[in-house]
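First comes the structure, then the notes that go with it.
The values are calculated or read from the model by the stated rules, or taken from the named source; none is laboratory data. Note that this is a predicted model, so its numbers are computed, not measured. Methodologically, a virtual Cβ is constructed for each residue, glycine included, from the backbone with ideal geometry; neighbour enumeration extends over all protein chains shown.
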Amino acid sequence: MLKTLTSLTLLVPDLNPLREWEGTAVAQWSQLSRLAGRGAVSKRAIEPTHDPLQAAVLDALQLRDVADRYPSAPLIGTALKSPRAGGFWLRAQPIHFAAGLDRLTTVPLRGQARMSAAERETLSPTLVDHLQSTGFELFDGADGEWLLRSEAPLQVQTVCPEFAAANPGADILPRGRDAGGLRRLMTELQMLLHEHPVSARRQLRGLPTLNAIWLHGEGMLSDVTAQSLPQAWSDDVYLRGIYRLHEQPVNDRPADAAALLKQIAGPTVAMIDAADAETLETNWLAPLSRALMSGAISKLTVILDGWQVTADRAAMFKLWRRELPPARWAAC
């Protein structure tokens, strides 16, 4: 018996088809182009305070209007089961500052360039020693970053590293009453990392150095009104933090679309690992498009880095509509 009224939102981190377009054959985006042409495609607005993945999660769960209740740093701490989940939290994300002729360029470290667990273990004692006089505690985070916790709340506003990278001429440093202390701390941490052996070893491997720490994602958790969230399949700590706050479970990240389709029933959000067009098209979009046409799912939304494609079952039968490849999205 076919499932009905099963909408699926697919989160695809770190994949922007427009950025990937150059050198990518049109045929490699055939499934995505068909969904965009028969359904709808839109550019997603991302706030300077949200990294692309955090913004995607908020959009998928329809929490963008109450985003201030879900700051990323304390929610990541909650997901990691920190023994002291209260207090004021910040994400401490290692980045690379690249020196140019007239400014430093912020380079977020993604993929293979992320800080490894071994590098984090080597650097942590240095940071712990320095933080003892600052009022912050260091917590081991996840996916190449740390968390900082303070008993006292701070009045600061920060931006995410991706915004800083894309807007080098903007005011990207922390603002607010307590921003001065936070800026000084960022400078001190940068000095600690200067010419550290970890960075030297990264250079030998052809990786960008870890020469700065970007503080962002600030906030404290407050009481939230319990609400029913969609079924979720993800290993992402921010998403898991939201679900833990609402006392709801999260399933492990699915291996592929076939495995996911066997288990979902009702509204579903799934975050997947698809680093390239071939993986996304073959393992996910092709079987999900067939499921959409058969009625196994009623609506499919694909949230990419900066873009969103949506199609329901009726749209899939609008055979007269032409494919809309990513290269043409910006003109829509």
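Of all the helices (runs of 4 or more DSSP H) wholly in segment 186-279, which have at least 2 residues that are over 21 Å from Phe136 (Cβ atoms) and under 22 Å from the mean Cα position of the chain (by Cα)? Full working, then the answer.
On the way: elements: 197-204, 237-245, 257-261.
Qualifying helices (runs of 4 or more DSSP H): 237-245, 257-261.
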Over segment 50-73, the set of residues touching a residue at least 40 places away in the same chain (Cβ under 8 Å), in contact with a helix residue (DSSP H, G or I) (Cβ under 8 Å, 6 or more places away or on another chain) and buried (at least 18 other Cβ atoms within 10 Å of the Cβ) is His50, Asp51, Pro52, Leu53, Gln54, Val57, Leu61, Tyr70, Ser72
Those residues of segment 280-303 which are in contact with a helix residue (DSSP H, G or I) (Cβ under 8 Å, 6 or more places away or on another chain), part of a helix (DSSP H, G or I), in contact (Cβ under 8 Å) with a residue 40 or more places away in the chain and of a type in the set (S, T, N, Q) amount to Ser289
Result of the Cβ filter at 7 Å on segment 116-131, keeping first residues that are charged (D, E, K, R) and partners that are surrounded by fewer than 16 Cβ atoms within 10 Å (Cβ to Cβ), at least 6 apart or interchain, is Arg120/Asp140
Handout entry: Any chance Ala118 is modelled with pLDDT under 95 and either surrounded by fewer than 16 Cβ atoms within 10 Å (Cβ to Cβ) or among the basic types (Lys, Arg) (or both)
Key = yes
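Looking at Trp307, Trp284, which one is within 22 Å of Arg19 (Cα to Cα) and crowded, with 22+ Cβ neighbours inside 10 Å? Walk me through how you get there before you give the answer.
Values: Trp307 fails: crowded, with 22+ Cβ neighbours inside 10 Å.
From the options Trp307, Trp284, the qualifying one is Trp284.
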Just wondering, is there one or more residues in segment 205-219 that are assigned by TED's automatic domain parsing to the domain that holds Ala165, without any contact (Cβ under 8 Å) to a residue 24 or more places away in the chain and over 16 Å from Pro13 (Cβ atoms)? yes
The strands (runs of 3 or more DSSP E) lying wholly within segment 1-114 that contain at least 3 residues that are modelled with pLDDT of 90 or more are 7-11, 40-43, 88-99
Leu261 passes all but one of the listed conditions (1) crowded, with 17+ Cβ neighbours inside 10 Å; (2) assigned by TED's automatic domain parsing to the domain that holds Ala79; (3) not β-branched (Val, Ile, Thr); the exception is number (2)
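Can you say whether Gly266 is in contact (Cβ under 8 Å) with a residue 40 or more places away in the chain and touching a strand residue (DSSP E or B) at 6+ places or on another chain (Cβ under 6 Å), as far as the supplied structure shows?
Working: in contact (Cβ under 8 Å) with a residue 40 or more places away in the chain: yes; touching a strand residue (DSSP E or B) at 6+ places or on another chain (Cβ under 6 Å): no.
Taking the combined requirement at face value, the residue does not satisfy it.
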- Task: Could you please let me know if Gly86 is out of contact with any helix residue (DSSP H, G or I) (no Cβ under 7 Å at 6 or more places or on another chain), within 19 Å of Arg205 (Cβ to Cβ) and not β-branched (Val, Ile, Thr)?
- Result: no
Scanning segment 157-184 residue by residue, those over 23 Å from the mean Cα position of the chain (by Cα) and in a helix (DSSP H, G or I) turn out to be Ala179, Gly180, Gly181, Leu182, Arg183, Arg184
Ala255 passes all but one of the listed conditions (1) crowded, with 16+ Cβ neighbours inside 10 Å; (2) farther than 19 Å from Gly39 by Cα; the exception is number (1)
If we ask which residues in segment 247-303 are in contact with a Pro (Cβ under 8 Å, 6 or more places away or on another chain) and of a type in the set (A, V, I, L, M, F, W, C), their number turns out to be 9
